[in-house]
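The values are calculated or read from the model by the stated rules, or taken from the named source; none is laboratory data. Predicted model only: the values in this text are computed from it and were never measured. Cβ sites come from the backbone with ideal geometry, for glycine too, and all protein chains shown count toward neighbours.
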Amino acid sequence: MDAQRALSEASLPEYLRSLGLARGGEPVRIEPAGDGNINWVRRATVGGSWPRSYIVKQARPALERFPQYQAPTERMLCEARYLEQVAAFDSEGVCPRVHHFDEANRVLVLEDLGAAERLDHALARGADASAALLTLCRFLARVHRETRGDTSLIERFANEPMQRLHGDHIFALPYQENDFALPPRTAARAALLRADGALHAHAQRFYRRYLTPTGALIHGDVQAGNILLPAGGVKLLDAEISHVGDPAFDIGMLLAHALIPAAAAGRAASATSVLVGCWRAYAEAHGAKALPSQAEALGYAGLELLRRTIGAARVAAVAEDEAGLRVIDVGLTLVREGSIAEL
C-alpha cells in the first residue's frame, strides 16, 4: 500500500465533500462513534436541507485504543470484502449499507444506525432479543452454507494477523501468566485454570481448528458489542476479523453472548430454550449437508465465556466475583461436555 492519508476530525468534512457525500456549503459535524478499540471511527453529520449522517472507519497500523499492538490495515479490506461477499445472502438486511470504500486509504463509509441499542445492553436489562438472535443465526447459516468449500476465498480473505491477535485473547492469553485486573476470587479461580492441563489441551485444540483455513467464510467477531438493534431489526458490524475458517466459531460466539447475562445471574438453565431455538434456526437455514457440530460450537462458546471473565476483554456482567464464578462454571461445562442439556 502507498503512503496512507490519515484522516482527522479537521480533514474529514473535506474528504466527504470529495466523495460527493457532502456539498460544498453544508456544515459537517464530527464526533467519536462506538468504542473505537481497533480503528479510527467517527460519526459525520451533514446539515443543510438534506440532513444525513455517516459512520467513517479508517484502519491504521496501530490499533486505536491499544497502540502497543500493530495489525495490517488489510483488515479494512477484509471487512469491505465481507460486506460485498455476503450481500447476496443478506435477505434480512443484517449488514450495514456501504456508502463508499477507499481501498488506498483503508477507509470505509457506512450507514449510521444512530442511537440503536447494542445487544449486550439490551440483554443486560432483560429485554427479549430472541427475534434478533434468530435473524442472526439464519444469516450466519446462509453465509456459511453458500461459501463452504470455496477455496478462492482463502486468499481473498487472508487475514492471519487479525485472526491470531483475536485468537490469542480467546485461546491462549487467559491461560498464561498475565496482569489482567480481576476481582480477588475470580483471580484465584483463574490461577487454578492456568494450572489445568486438560483445559489447556481443549483450548489449544479449538485454537488449531480456528486457525485452519478450511470451512467457510466467517465473520470472526460475532459478539454482542458488535450487534445493534435498530427498530424492528438487527445489524452485525465490524467484520475486520473475517476469514475462511470454522463456521462453528461464528455460531459459538453468538451463543456465548446470548448466554452471558443469564449465566452471570445464575439462570443459565433458563436460557437453554433460547440457545436451542438459536441452534434450530441455524440448522434449518443451513441444511443438514456439512452442518457444523453443535458440540464444537458449544465448546467455542464455553471458551468465550471464560475469556470474557478471566481474559483482557471482561464484560460488565462479570464485574462482581459471584457473577464471574458462575460464568466460569458454565463455560467449563460447555467446554467439557459440549451440551446445552448440562447447563
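Structure values in brief
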{"quantity": "Lone qualifier among T147, T151 - being hydroxyl-bearing (S, T, Y) and crowded, with 19+ Cβ neighbours inside 10 Å", "calculated": "T147"}
{"quantity": "Near pairs, Cβ below 7 angstrom, 6+ apart or cross-chain, from segment 259-271 (in the same structural domain as Q223 (by TED's automatic domain parsing)) to any residue that is at pLDDT below 95 and surrounded by 21 or more Cβ atoms within 10 Å (Cβ to Cβ)", "calculated": "L259/A268; L259/A271; A262/A268; A262/A271"}
{"quantity": "Matching residues in segment 123-133 - criterion: being over 13 Å from G277 (Cα atoms) and buried (at least 19 other Cβ atoms within 10 Å of the Cβ)", "calculated": "L123"}
{"quantity": "Residue within segment 228-235 that is part of a strand (DSSP E or B) and surrounded by fewer than 21 Cβ atoms within 10 Å (Cβ to Cβ) present", "calculated": "yes"}
{"quantity": "Lone qualifier among L136, L173 - being over 29 Å from A22 (Cα atoms), surrounded by fewer than 21 Cβ atoms within 10 Å (Cβ to Cβ) and assigned by TED's automatic domain parsing to the domain that holds L306", "calculated": "L173"}
{"quantity": "Out of G220, G225, sole residue that is under 11 Å from the mean Cα position of the chain (by Cα) and either in a helix (DSSP H, G or I) or at pLDDT below 95 (or both)", "calculated": "G225"}
{"quantity": "Residue satisfying condition, being buried (at least 17 other Cβ atoms within 10 Å of the Cβ), out of contact with any strand residue (DSSP E or B) (no Cβ under 7 Å at 6 or more places or on another chain) and over 16 Å from I328 (Cβ atoms), within set Q223, Q204", "calculated": "Q223"}
{"quantity": "Residue within segment 246-258 that is surrounded by fewer than 24 Cβ atoms within 10 Å (Cβ to Cβ) and out of contact with any strand residue (DSSP E or B) (no Cβ under 9 Å at 6 or more places or on another chain) present", "calculated": "no"}
{"quantity": "Residues within segment 289-303 that are in a helix (DSSP H, G or I) and closer than 20 Å to G277 by Cα, tallied", "calculated": "9"}
{"quantity": "Residue in segment 53-66 that is over 25 Å from T135 (Cβ atoms), at pLDDT 95 or above and over 21 Å from the mean Cα position of the chain (by Cα) present", "calculated": "no"}
